[in-house]
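Data first, discussion second: the structure below is written as structure tokens.
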Amino acid sequence: MPAVASTGGAFGVKGLPQAASGVITDATRTNVVQAGTNYGKQVRRLVESGAKHVVVTGVYNMGKTPWGLAQGEGVSNQIADLSRRFNDAALIE
């Protein structure tokens with residue numbers, strides 16, 4: 001059976017409340033990047049511990065969802081940026 005790593009809603013907890021208000025701070029961006037980095041590190045630990053198959057998913061671009069689009073273009077773009085930052089930070093080599 002493969003090991004499965006999930007984002008566990010980390011992005012939602014870290015960034016969506018502020019995104020919905022239209023105020024995304026540098027601290028929020030930093031927290032989202034840290035959550036992505038931690039996620040990538042956890043995947044690396046699974047592999048280094050002997051996991052043969054690991055299913056890794058990033059977060060969906062929440063700026064493209066009906067909810068994200070309903071927030072208006074400016075907020076939707078900020079939400080999309082948070083999604084990208086999380087996924088970029090989670091990349092492992």
Please find the FRET efficiency linking Ala51 to Asp88, where r is the Cβ-Cβ separation and R0 is fixed at 25 Å, and quote it to the nearest 0.05. 0.65
Using a 1.4 Å probe, what is the accessible area per residue for the range 53-93, in Å²? 62 Å²
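The values are calculated or read from the model by the stated rules, or taken from the named source; none is laboratory data. The structure displayed is predicted, hence computed values, not measured ones. As a convention, Cβ positions derive from the backbone with ideal geometry for all residues, glycine included, and neighbour counts pool all protein chains shown. All accessible areas refer to the heavy atoms of the entire protein, side chains included, with ligands and DNA or RNA removed. Shrake-Rupley method; radii C 1.70, N 1.55, O 1.52, S 1.80 Å.
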